[in-house]
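Peer 1: Just dropping this structure here.
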Amino acid sequence: MDLKNLYWYWNNAVGNKFCDDVIKFASTLRKREAFTVDPKLGPIYKSEWRKSKVIWLNEKWIYKELLKFLDLANTNAGYNYILKEAEAIQYTRYDSDNYYHWHMDQTLETDRPDSRKLSICINLTDPSEFEGGEFWISKPHVVPEKIKPMKLDFMRKRGSAIVFPSFVFHKVAPVTKGTRHSLVCWMRGPLWT
């Protein structure tokens, strides 16, 4: 699949109050160890792939902020995917030595009647509060490191957001100091053809 725009982003998608409100709200909820999902095996907890804490959210006030950026990126980046519904929002807390290695949010093959089409990530943390934790992205490839992955420095800025097709490889490098908070959500649509 050839992409005119690998991603679409905003430096100031959401303000400090929204970031503070999400972090404060999430601090009252129980976090769970993050996992990855294998289509055939289900949830897999492997710290060599991913290490962080997550909370699943369904709050309308958070959806209201995220969904508008998914719709804008779908049009402005020229993806023009048919989007049906959003999944639950994932709040992620990356403490020191936490990370998420190269992965895709959706392969082009799935057993489901629909698939993830677009992913959105929002950084909720001021860059002075953590070190490391850089967001990287790569064109679709069997080995992402082979095709010059890009470190997206703008994703360190608090309130920054990025939207990209869910089959695009990306990762969060290890946090070396402090804590990085983020939101992730996916829009689903018909299967890829």
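The values are calculated or read from the model by the stated rules, or taken from the named source; none is laboratory data. The model shown is predicted, which means the values in this text are computed figures rather than measured ones. Reconstructed Cβ throughout: ideal geometry from the backbone, glycine too, with neighbour counts over all protein chains shown. Each accessible area value is taken on the protein alone, full model and side chains, heavy atoms only, with ligands, DNA and RNA left out. Shrake-Rupley method; radii C 1.70, N 1.55, O 1.52, S 1.80 Å.
Peer 1: If you take the residues of region 47-84 that are open to solvent by 80 Å² or more (accessible area, probe 1.4 Å) and aromatic (F, W, Y), which of them is modelled with the lowest pLDDT?
Peer 2: W49
Peer 1: Restricting to region 146-193, name every residue that is open to solvent by less than 50 Å² (accessible area, probe 1.4 Å) and either part of a loop (DSSP other than H, G, I, E, B) or of a type in the set (S, T, Y) (or both).
Peer 2: Passing the criteria: P149, L152, R158, G159, S160, S166, F167, V168, A173, T179, S182, W192.
Peer 1: Another question, if that's okay. Step by step: first the residues of region 85-108, then only those that are among the aromatic types (F, W, Y) and more than 14 Å from G132 (Cα to Cα), then the one that is most open to solvent (accessible area, probe 1.4 Å). Which residue is that? Even if it seems obvious, please write down each step before you answer.
Peer 2: Narrowing region 85-108 to residues among the aromatic types (F, W, Y): 91, 94, 99-100, 102.
From what's left, more than 14 Å from G132 (Cα to Cα): 91, 102.
Working: Y91: 3, W102: 49 Å².
Across region 85-108, the extreme among qualifying residues is W102.
Peer 1: Next up: For region 124-134, does any single residue satisfy the condition of being exposed (fewer than 15 other Cβ atoms within 10 Å of the Cβ), touching a residue at least 60 places away in the same chain (Cβ under 8 Å) and aliphatic (A, V, I, L, M)?
Peer 2: No, the conditions are met nowhere in region 124-134.
Peer 1: From the list V142, V37, exactly one residue is assigned to a strand (DSSP E or B) and at pLDDT below 90. Which is it? Lay out the reasoning, then the answer.
Peer 2: Values: V142 fails: assigned to a strand (DSSP E or B).
Residue meeting the stated conditions: V37.
Peer 1: Assuming I44 fulfils every condition listed in (1) among the aliphatic types (A, V, I, L, M); (2) modelled with pLDDT of 95 or more; (3) surrounded by fewer than 14 Cβ atoms within 10 Å (Cβ to Cβ) apart from one, which condition is it?
Peer 2: (2)
Peer 1: Taking A88, is it of a type in the set (A, V, I, L, M), out of contact with any helix residue (DSSP H, G or I) (no Cβ under 7 Å at 6 or more places or on another chain), farther than 20 Å from V54 by Cα and modelled with pLDDT of 95 or more? Step through it out loud before you land on a result.
Peer 2: Details: of a type in the set (A, V, I, L, M): yes; out of contact with any helix residue (DSSP H, G or I) (no Cβ under 7 Å at 6 or more places or on another chain): yes; farther than 20 Å from V54 by Cα: no; modelled with pLDDT of 95 or more: yes.
Considered against the rule, which asks whether it is of a type in the set (A, V, I, L, M), out of contact with any helix residue (DSSP H, G or I) (no Cβ under 7 Å at 6 or more places or on another chain), farther than 20 Å from V54 by Cα and modelled with pLDDT of 95 or more, A88 comes out as no.
Peer 1: Consider region 50-96. How many of its residues are small (G, A, S), assigned to a loop (DSSP other than H, G, I, E, B) and touching a Leu at 6+ places or on another chain (Cβ under 8 Å)?
Peer 2: Qualifying residue count, region 50-96: 1.
Peer 1: Further question: Please go through region 67-85 and pick out each residue that is in contact with a helix residue (DSSP H, G or I) (Cβ under 8 Å, 6 or more places away or on another chain) and of a type outside the set (S, T, N, Q).
Peer 2: Taking region 67-85 as the starting set, the residues that turn out to be in contact with a helix residue (DSSP H, G or I) (Cβ under 8 Å, 6 or more places away or on another chain) are 79-81, 83.
Listed by number, the residues that qualify are Y79, Y81, L83.
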